[in-house]
């Protein structure tokens with residue numbers, strides 16, 4: 001076959017462009033990871049050179065992207081049957097599975113090694129554990145085997161602020177653990193709200209999300225329970241070095257609204273949800289994203305206030 | 001149809017240019033971090049980022 005005849009043919013594998021590879025790294029998830037990691041880093045108030053901070057964030061972003069590529073490599077069969085994910089590079093035939101695996105593995109090692117060199121071993125160790133947790137514990141093990149998949153798997157998304165904190169301080173502290181807890185406890189109600197109105201997608205893919213495995217009544221109960229556990233955990237950082245009165249006021253408002261939303265979902269049933277096409281569930285899901293984002297914005301505001309000496313001199317602290 | 005006008009070439013070009021830019025940016029990043037680490041004069045061993053005790057100020061014993 002001549003070169004001219006080959007390039008003229010429309011059949012055959014489609015060669016991937018640079019954008020297709022970038023899409024493997026889940027850029028939208030990466031944005032949230034970078035934001036929370038940056039807040040964790042700056043909230044530490046430890047002296048860190050901007051270049052080191054930038055390099056550290058880049059490593060965390062690449063590590064998160066690598067775990068995204070590994071997730072797409074493993075879950076290509078699930079992705080292909082779900083509406084939300086059918087357009088991803090592997091199910092849509094733009095990137096081959098082997099390429100995704102290679103990119104995921106190479107970038108994982110690369111991100112961890114470079115973070116160890118740029119920052120420190122603690123941060124690199126946490127990043128390595130996060131990638132392992134997301135790719136192996138969550139994607140390969142929990143996701144297809146238990147309705148508690150996102151409860152435990154949520155830890156993977158909760159690590160970034162802890163890694164950011166470790167980049168700045170070289171260690172782990174109560175503040176970074178509380179930032180971890182905030183995302184960890186927020187993840188289940190967030191995804192269960194999504195699962196309520198995307199139930200058919202998960203059923204088709206055979207993923208045992210809570211509404212599929214235990215029904216929507218149990219899911220609504222769980223959302224309210226987790227919102228109740230989340231509220232104190234989200235307010236607690238107000239009484240640490242990363243919090244203050246602004247955080248406390250904001251967190252109180254946000255958690256009252258979150259609890260109100262969860263209460264609203266708890267009072268509804270399938271008939272009510274189908275009647276208005278899951279309006280409350282969709283609104284709660286949308287608000288949950290804003291809820292998490294604003295908590296980290298509040299931490300950032302407190303960091304800024306401390307930097308310009310506008311924090312109150314006497315504020316109750318946990319330790 | 002010119003062989004190089006096929007869309008496969010534009011995708012291949014985008015991949016090559018993208019990878020080139022990423023590698024170039026990585027070189028610049030390593031250079032910048034190296035400059036920062038050297039100018040900050042950290043008293044650390046580069047290979048494991050541990051404090052190099054011989055560079056720390058001496059403290060009197062007893």
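Are any residues in region A:16-53 closer than 19 Å to residue A:304 by Cβ and in a helix (DSSP H, G or I), and if so, which ones? A:34, A:35, A:36, A:37, A:38, A:39, A:40, A:41, A:42, A:43, A:50, A:53, listed by residue number. I'd like to check something: does region B:5-15 contain any residue that is exposed (fewer than 11 other Cβ atoms within 10 Å of the Cβ), at pLDDT 80 or above, out of contact with any helix residue (DSSP H, G or I) (no Cβ under 6 Å at 6 or more places or on another chain) and outside any loop (DSSP other than H, G, I, E, B)? No - not one qualifying residue is present in region B:5-15. Just one of (1) within 26 Å of residue A:201 (Cα to Cα); (2) surrounded by fewer than 23 Cβ atoms within 10 Å (Cβ to Cβ); (3) more than 15 Å from the chain's Cα centre (by Cα) fails for residue A:121. It is (1).
Of all residues in region A:82-109, those satisfying the criterion of being within 17 Å of residue B:11 (Cβ to Cβ) and either touching a strand residue (DSSP E or B) at 6+ places or on another chain (Cβ under 6 Å) or not in a helix (DSSP H, G or I) (or both) are A:89, A:90, A:92, A:93, A:94, A:95, A:96.
In region A:296-316, what count of residues is obtained for those that are assigned to a helix (DSSP H, G or I) and either at positive phi or touching a helix residue (DSSP H, G or I) at 6+ places or on another chain (Cβ under 6 Å) (or both)? Selection size over region A:296-316: 7.
Would it be correct to say that residue A:271 is at pLDDT below 95 and assigned to a helix (DSSP H, G or I)? So residue A:271 fits the description; yes. Using the structure shown, decide if residue A:64 is closer than 29 Å to residue A:126 by Cα, at pLDDT 95 or above, surrounded by 15 or more Cβ atoms within 10 Å (Cβ to Cβ) and in the same structural domain as residue A:167 (by TED's automatic domain parsing). Taking the combined requirement at face value, the residue satisfies it. Do we find that residue A:163 is in the same structural domain as residue A:66 (by TED's automatic domain parsing) and either in contact with a strand residue (DSSP E or B) (Cβ under 9 Å, 6 or more places away or on another chain) or free of Cβ contacts under 8 Å to residues at least 24 places away in the same chain (or both) in this structure? It is false that residue A:163 is in the same structural domain as residue A:66 (by TED's automatic domain parsing) and either in contact with a strand residue (DSSP E or B) (Cβ under 9 Å, 6 or more places away or on another chain) or free of Cβ contacts under 8 Å to residues at least 24 places away in the same chain (or both). Here the condition is being within 25 Å of residue A:294 (Cβ to Cβ), surrounded by fewer than 16 Cβ atoms within 10 Å (Cβ to Cβ) and either touching a residue at least 40 places away in the same chain (Cβ under 8 Å) or over 18 Å from the mean Cα position of the chain (by Cα) (or both); of A:102, A:53, A:37, A:46, it holds for A:46 alone.
Residues in region B:42-51 include none that are surrounded by 10 or more Cβ atoms within 10 Å (Cβ to Cβ), assigned to a helix (DSSP H, G or I) and either more than 10 Å from chain A (Cβ to nearest Cβ) or modelled with pLDDT of 80 or more (or both).
The values are calculated or read from the model by the stated rules, or taken from the named source; none is laboratory data. Computed from a predicted structure; not experimentally measured. Note: ideal-geometry Cβ built from the backbone for every residue, glycine included; neighbour counts use all protein chains shown.
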